[in-house]
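One structure is given below, encoded as structure tokens.
A short reminder: the numbers here are calculations on the coordinates, not readings from a lab. Just so we're clear, the structure is a prediction, and the values are computed from it rather than from any experiment. Heads up, the Cβs are rebuilt from the backbone with ideal geometry, glycines too, and the neighbour counts pull from every protein chain shown.
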Amino acid sequence: MTLLTLDAIGRSFGAIQALAGVDLSIAAGEVVGLMGDNGAGKSTLAKIIAGNFPPSSGTMMFDGQQVAFARPVDARAVGIEVVYQDLALADNLSAAANVFLGRELHRRIGPFLLLDHSAMQQRATALFRELKSETRAEDLVRQMSGGQRQAVAIARTRLADARLIIMDEPTAAISVRQVAEVLALIGRLREAGIAVILISHRMPDIFETCDRVVVMRRGRKVADKPIAASSPQEVTGLITGALETA
Ligand SMILES: Nc1ncnc2c1ncn2[C@@H]1O[C@H](COP(=O)(O)OP(=O)(O)O)[C@@H](O)[C@H]1O
Ligand SMILES: [Mg+2]
């Protein structure tokens, strides 16, 4: 089932044409690697899908409906979530509190509405277990490894019932062992039928994890093919322009 379809998406910033004529379709449970040199338009494309700003031209369909997001909450409302590179977590709060940040659970005692810490702890624990992550709900995020922080950010999107998760360079700043943990998490999202767009410069991440690879160059899509039909050498050529298209 096709979840997201982009048709001839363009975006300019003043005189800069950041994107031109980008078509893309993603099915439920599909993991698509989005690659390209700095300035190729990857983040701009991600931000359009996530509702940060509209495209200058082109149309977008999600789950069979034409969509035009005015704000990120509009995209979130249909199940599109982003895990940002800087992760935007609150260091001084627990993993559970971060998972529920902005959507806290409450319980009522007489006239008082109190935070329901134990319900949030239990739900967060269940999410980490589902993700097979060793992250503990009660631990402070400040004390966590990069991989555990990713698990917290991903658990947040699971809570929101995400159907498409965009990850912009999730493994850029973490250790090798933690990279494996994050890639395993992506595999778990796929098993749950969630579509993932993985933006990365790391060729091994893309080739280990993705079903398809999409390469952008100077705002245009220059390749979109099954991962099994491509190779790191070919993708490198496409990124640099040594190869025109593939
Ligand atoms: N808010 C903005 N204002 C002006 N130019 C921008 C803005 N965002 C991106 N650009 C330009 O659009 C192009 C694509 O950028 P970007 O999508 O960030 O590329 P990537 O994520 O692939 O490195 C670049 O030339 C960049 O300078
Ligand atoms: Mg970027």
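Some points to look at:
- Potential lengthening between Ala246 and Ile16 on full extension [0.36 nm per residue; Cα-Cα distance subtracted]: 80.3 nm
- In sequence order, calculated HN-Hα J values of the range 113-129 (Karplus, 6.51, -1.76, 1.60; Hz; x Gly/Pro): 9, 10, 5, 9, 4, 6, 5, 5, 4, 5, 5, 5, 4, 5, 5, 5, 5
- Cα extents of the range 1-66 along the three principal axes, largest first (Å): 37, 24, 19
- Within the range 82-133, chymotrypsin sites (Phe, Trp or Tyr not before Pro) in DSSP loop having at most 16 other beta-carbon neighbours inside 10 Å: Tyr84
- Taking the empirical scaling 2.2 N^0.38 Å for compact globular proteins as reference, the chain has a Cα radius of gyration ratio of 1.05.
- Rg to Rh quotient for the range 188-229, alpha carbon positions, Kirkwood Rh: 0.99
- Three principal axis lengths of the range 1-143 [C-alpha, angstrom, descending]: 55, 34, 33
- For the range 119-211, the square roots a ≥ b ≥ c of the C-alpha gyration tensor eigenvalues yield an a/c of 1.5 or more together with a/b not exceeding b/c, which makes the shape oblate.
- Charged neighbours of Ala20, selected by a Cβ distance under 10 Å, balance to +4 (K, R count +1; D, E count -1).
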